[in-house]
Amino acid sequence: MTPSASLPSQDDIAQFDRDGAVLLRGVFKDWVEPLRAGTAQLMADPSPLERSYQPADGSAPFFQDLCNWQRIPDYRRFVMESGAAQIASALMQSQTARFFHDHILVKEPGNSIVTPWHQDLPYYCVSGDKSVSMWIALDPVPRDVTLELVAGSHQQGRIYKPMRFDGTELYAGDTTVAMPDIDAHRDDHTILGWAVEPGDAVCFHFGTIHGAPANLAKQSRRRIFSARWVGDGAHFIDRGGKGSPPFRHLSLKTGDALTGGDFPEFSA
């Protein structure tokens, strides 16, 4: 399969390895309209995994849904035809790229929900050194409401306690260390964040600490299509169906390779 998007440069790959995050400008510009159409279809008919938030202050909602690539044709075409797999392989420096899942995030204009600082890895039923999440903008996103990431945090060798976004523990009795207060010590970190245009992709490692502000602008939606990938050596971890996504239907056991129709594999 010939990728329809340009592969990352050696500088891009080096930055991803060093910082755990890199911005690829315009890499999916040809897929913006199909992904917007797919998102409209999804929002009209959400899946059972929909996880939308309605702020208590009455502000605009925050729509989320997961694992829809097999039932939304435009999403399926993106996974299979966009060249995202080859981009993922290059960034991960992996011989293969296995699709993990899609995640749609739509912060409507005026939404007051802040996405707290977290790492994705402890929420996922997967382990491995090679991973990449592609946070693909379907709308212009100004710097003040964009995704922010702590450079190099994927190399700390520490996975912090995963919390639900309502502040409760994801796993009862979890004794791992709580996420430090990044906002109170921003000057102690290199915080990455970019104003992005439709078709730009912020690519980051599952272990990279990241978060996002509220979308308090009154005019602009913030539609994001996230495509998550794993590379060589990835394997399944049974988290009791409590992670995100839960994948409760899988028969895999801890240590098994991440195989099956839910996780198509592509060669570099």
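State whether one or more residues within the stretch 149-157 are among the hydroxyl-bearing types (S, T, Y), assigned to a helix (DSSP H, G or I) and buried (at least 19 other Cβ atoms within 10 Å of the Cβ).
Within the stretch 149-157, one or more residues are among the hydroxyl-bearing types (S, T, Y), assigned to a helix (DSSP H, G or I) and buried (at least 19 other Cβ atoms within 10 Å of the Cβ).
Looking only at the stretch 173-231, how many residues end up being surrounded by 20 or more Cβ atoms within 10 Å (Cβ to Cβ), in a loop (DSSP other than H, G, I, E, B) and among the hydrophobic types (A, V, I, L, M, F, W, C)?
Of the residues in that region, 2 qualify.
Might you check whether a residue that is of a type in the set (A, V, I, L, M) and either closer than 24 Å to R164 by Cα or touching a Phe, Trp or Tyr at 6+ places or on another chain (Cβ under 8 Å) (or both) occurs anywhere in the stretch 191-198? Can you show your working first?
Here is the first cut: in the stretch 191-198, the ones of a type in the set (A, V, I, L, M) are 191-192, 195-196.
Then drop every residue that is not either closer than 24 Å to R164 by Cα or touching a Phe, Trp or Tyr at 6+ places or on another chain (Cβ under 8 Å) (or both), which leaves 191-192.
Yes, because at least one residue in the stretch 191-198 is of a type in the set (A, V, I, L, M) and either closer than 24 Å to R164 by Cα or touching a Phe, Trp or Tyr at 6+ places or on another chain (Cβ under 8 Å) (or both).
Can you tell me which residue is surrounded by the most Cβ atoms within 10 Å (Cβ to Cβ) among those in the stretch 80-89 that are of a type in the set (S, T, N, Q) and out of contact with any helix residue (DSSP H, G or I) (no Cβ under 7 Å at 6 or more places or on another chain)?
Narrowing the stretch 80-89 to residues of a type in the set (S, T, N, Q): 82, 86, 89.
Going one step further and asking which of them are out of contact with any helix residue (DSSP H, G or I) (no Cβ under 7 Å at 6 or more places or on another chain), we end up with 86, 89.
On the way: Q86: 21, S89: 23.
Going through the qualifying residues, I end up with S89.
If you scan the stretch 107-125, which residues turn out to be farther than 21 Å from P246 by Cβ and of a type in the set (V, I, T)?
Listed by number, the residues that qualify are I113, V114.
For the stretch 1-102, list the helices (runs of 4 or more DSSP H) that sit wholly inside it and hold at least 1 residues that are farther than 24 Å from F206 by Cβ and at pLDDT 95 or above; which are they?
32-44, 73-81
Could you grab me the full set of residues in the stretch 106-123 that are part of a strand (DSSP E or B), within 13 Å of M179 (Cβ to Cβ) and not β-branched (V, I, T)?
Kept after step one, since they are part of a strand (DSSP E or B), are these residues of the stretch 106-123: 106-107, 111, 115-118.
From the residues that got through so far, the ones that are within 13 Å of M179 (Cβ to Cβ) too are 115-118.
Once the filter is applied, which keeps residues that are part of a strand (DSSP E or B), within 13 Å of M179 (Cβ to Cβ) and not β-branched (V, I, T), the stretch 106-123 yields P116, W117, H118.
Identify, please: which residue in the stretch 90-119 is surrounded by fewer than 20 Cβ atoms within 10 Å (Cβ to Cβ) and among the polar types (S, T, N, Q) and is, among those, nearest to L216 (Cα to Cα)?
The qualifying residue nearest to L216 (Cα to Cα) is S112.
Taking the options S59, S82, S47, name whichever one is at negative phi and out of contact with any strand residue (DSSP E or B) (no Cβ under 7 Å at 6 or more places or on another chain).
Checking each option against the conditions leaves just S82.
Return the pair list, or none, for Cβ contacts closer than 8 Å from residues in the stretch 253-268 that are among the small types (G, A, S) to residues that are assigned to a loop (DSSP other than H, G, I, E, B) and surrounded by 14 or more Cβ atoms within 10 Å (Cβ to Cβ), at least 6 apart or on different chains.
Once the first residue is among the small types (G, A, S) and sits in the stretch 253-268, its partners that are assigned to a loop (DSSP other than H, G, I, E, B) and surrounded by 14 or more Cβ atoms within 10 Å (Cβ to Cβ) give A257/A234; G260/L250; G260/L252; A268/S94.
Any residue in the stretch 174-188 that is among the charged types (D, E, K, R) and touching a helix residue (DSSP H, G or I) at 6+ places or on another chain (Cβ under 8 Å)?
Looking through the stretch 174-188, none of the residues is among the charged types (D, E, K, R) and touching a helix residue (DSSP H, G or I) at 6+ places or on another chain (Cβ under 8 Å).
The values are calculated or read from the model by the stated rules, or taken from the named source; none is laboratory data. What you see is a predicted model; the values in this text were computed from it and never measured. Ideal geometry is used to build each Cβ from the backbone, glycine not excepted, and the neighbour counts take in all protein chains shown.
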